[in-house]
Amino acid sequence: MKNADGVEGGSVLVVDDETGLRDMLVFGLGGEGYRVVAAASGEEALEKARAERFDLALCDIMMPGMGGIETLKALKALHPDTEVIMVTGCATLETAVESMKLGAYDYITKPYDMHHLAQLLAKALERARLRFRVDQLEELNRLKSEFLSSMSHELRTPMNAVIGYTNLLLEGV
């Protein structure tokens, strides 16, 4: 399935303060069909997320300035439907639990295998697309219910008039 830009994989915001990792992810994920935009800090990531919507975000936890947890909170506040995968070189149970509670799709440790990461991003993208489709279907169902309720009301008034006149005719009035 292609995104609005015609790219197969979707758009990914990579947030990591390590230049080498950012460059590797831009190159590697670009080769997997994703449109990748990189940010060196949480603040830069938020600027980019305000300018455009991303399907996915890959966010390092340990960064100078705005850390990964704060960046996750801000990204989710800005675009709740963006799937965020948290990445760290020093994993702790506390940061994993906190990340998941704040809406992260997953939590992985460095170093990571590009093939595994691409699979994880594909699953996250599919989840985002399914969630979007569910929202669309719920809205259609709500509109259908409103239409039927309105039509039912609109048909009741003339039907009551017909029934009333029919009763008058049957009674011979």
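The values are calculated or read from the model by the stated rules, or taken from the named source; none is laboratory data. The model shown is predicted, which means the values in this text are computed figures rather than measured ones. Note that each Cβ is placed from the backbone with ideal geometry, even for glycine, and that neighbours are counted across all protein chains shown. Heavy atoms of the whole protein, side chains included, go into the accessibility calculation; ligands, DNA and RNA do not. Shrake-Rupley method; radii C 1.70, N 1.55, O 1.52, S 1.80 Å.
Could you order 60, 81 by accessible surface area, starting with the largest, using a probe radius of 1.4 Å?
81, 60
What FRET efficiency would be calculated for the residue pair residue 141, residue 78, taking the C-beta separation as r and a Förster radius of 41 Å, to the nearest 0.05?
E between residue 141 and residue 78, to the nearest 0.05, is 0.90.
What number comes out for the charge environment of residue 124, summing +1 per Lys or Arg and -1 per Asp or Glu over other residues with Cβ under 12 Å away?
Computed value for this residue: -1.
Explain nothing, just compute: Karplus ³J(HN,Hα) = 6.51 cos²θ - 1.76 cosθ + 1.60, θ = phi - 60°, for every residue of region 117-129 in order, whole Hz, x for Gly and Pro.
4, 4, 5, 5, 5, 4, 5, 5, 5, 4, 4, 4, 5
Highest GNM mean-square fluctuation, the chain, Cα pairs closer than 10 Å: which of 116, 153, 79?
153
At what distance in angstrom do the alpha carbon centres of region 159-173 and region 61-136 lie from each other?
67 Å
Which is farthest toward the positive dipole end of the chain among 114, 12, 92, measuring Cα position about the Cα centre, with Cβ charges +1 (Lys, Arg) and -1 (Asp, Glu)?
12
Can you pull the one-decimal nm distance between simple spin-label points at residue 19 and residue 115, each 7 Å off the Cα toward Cβ?
3.1 nm
Taking N as the number of residues in region 72-111, what value does Rg over Cα atoms divided by 2.2 N^0.38 Å take?
Normalised Rg, Cα atoms only: 1.12.
Tell me which residues come under 5 Å, amide H to amide H, from residue 34 once H is placed; ignore anything under 5 positions away on its chain.
9
Size of the dipole of the chain about the Cα centre, Lys and Arg at +1 and Asp and Glu at -1 on the beta carbon, nothing else charged, in debye to 20?
Around 520 debye, computed over the chain.
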